[in-house]
Amino acid sequence: MITSSFADIAEYMDLLLDAICVVDEHSRFHYLSPGAERVFGYHPDEMVGRSMLDFIHPDDRLMTQKTAHRVNHGGEVTHFENRYLRKDGSVVHILWSARWSERDQMRVGVARDISGQKQLEAERERLIKRLEQMALTDALTGLPNRVLLYDRIKTATTRAQRDGNDIGLLYLDLDRFKHINDTYGHATGDELLKAAGLRIQSAIRATDSVARIGGDEFVVLVDAIDTPDALTAVADKIHDALCQPLQLPHGEDIITASIGIARWPEHGHTIEQLLHHADQAMYRAKRNGGNRVAV
């Protein structure tokens, strides 16, 4: 009988870190090697006679049933993953190899606990995402940095060429930032920059982007311009958002900005040309007293 033949070598199977499982066509356990307790958290006697569905994570039951059906009909599985619930309620990730035994009319599988590997993979993915975020965003404000801005401008110009639209850039420099930063300290300056970033972001469309490219300078990418005065309208919204009183560590203050505008392709075909034009326009606005827009 199959269970007795497996039981005869059970003392040797206990040397395996994996668990050997014998299941009938209805997915009832008929035999589990002693290693099953390390994998599933149950003593084998607690699982024999019960359906594997009693132990499988609810979210993985359907795909496991489909795979088991395939094995029952002669298919061989070598790298199937699913999750089981241990006796203590914790989740174990299992890698299976299984095939159907025609002689015994049973499904024989080897289960390996890969929970540690899954945890390492998850930690590695989180680290990669964090590194990607650090490479593409400004550490202080959380806004896109120059690298991500360039990528988005490149994508926007490609799309604009295809669709026959224009795009625009707004180059912003905060008025009086150096005075506030020097007078009240870098902590106050940092709070001002973060508040400015949030207010600029709140004034633009979800399809547009704002990036901090250094110091107190921000650039807004306005995608798919549909009217001649669209860029000026966006600049006016940003001015309105910025000019609301702001509570800083030293007290209430007002943020204003000088804004320069560049339109693609009128003011340049490359990113550098557009940024240069917008930057020069911003300086003209600042020389005229600040809190202004120039093209």
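Any read-out appearing in this document is the output of simple, stated calculations on the displayed coordinates, not a laboratory observation. Only a predicted model underlies this, so the values are computations on that prediction, with no experimental measurement involved. As a convention, Cβ positions derive from the backbone with ideal geometry for all residues, glycine included, and neighbour counts pool all protein chains shown.
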Exercise for review: Treating cross-link reach as a plain straight distance, find the aspartates and glutamates whose alpha-carbon is under 18 Å from the alpha-carbon of Lys194, omitting any fewer than eight places away in the same chain.
Suggested key: Asp138, Asp173, Asp175, Asp182, Asp216, Glu217, Asp240, Glu252, Asp253
**Study point:** Asp45 paired with Asn288, simple spin-label distance in nm, labels 7 Å along Cα-to-beta-carbon
**Key:** 9.0 nm
**Study point:** Under the Karplus curve 6.51 cos²θ - 1.76 cosθ + 1.60, θ = phi - 60°, whole-Hz ³J(HN,Hα) for the range 21-27, x wherever Gly or Pro sits
**Key:** 10, 10, 10, 7, 5, 9, 6
Revision key, fill the gap. For Lys118, counting only lysines whose alpha-carbon sits under 26 Å away and dropping same-chain residues fewer than eight positions off, the answer is Lys66, Lys87, Lys129
**Study point:** Calculated FRET efficiency for the pair Thr183/Gln244, C-beta based, R₀ 22 Å, to 0.05
**Key:** 0.55
Exercise for review: Compute the long axis of helix 115-136 from its Cα atoms, compare it with the longest principal axis of the Cα atoms of the chain, and write down the angle in degrees, 0 to 90, nearest 10.
Suggested key: 10 degrees
Practice item. Considering the convex hull of the alpha carbon atoms of the chain, report its projected area averaged over all viewing directions, in nm², one decimal. Key: 23.3 nm²
Study note, to complete from the structure: Computed ³J(HN,Hα) along the range 181-193: with the Karplus parameters 6.51/-1.76/1.60, θ = phi - 60°, integer Hz and x for glycine or proline, the list is 5, 6, 7, 10, x, 5, 4, 5, x, 5, 4, 5, 5
Check your understanding: When only DSSP loop residues count, what GluC sites (Glu not before Pro) in the range 223-295 have their Cβ near at most 12 other Cβ atoms within 10 Å?
Key -> Glu266
Check your understanding: So who's got an amide H within less than 5 Å of the one on Asp166, skipping anything under 5 residues away but keeping other chains? H placed 1.01 Å off N, in plane.
Key -> Ile225
**Study point:** Potential lengthening between Ala206 and Gln161 on full extension [0.36 nm per residue; Cα-Cα distance subtracted]
**Key:** 14.1 nm
Review point. Hey, got a sec? Which GluC sites (Glu not before Pro) in the range 87-150 land in a DSSP loop and have at most 15 other Cβ atoms within 10 Å?
Key: Glu102
Revision key, fill the gap. Length gained if Ile254 through Leu131 is fully extended, taking 0.36 nm per residue and subtracting the Cα-Cα distance, is 40.8 nm
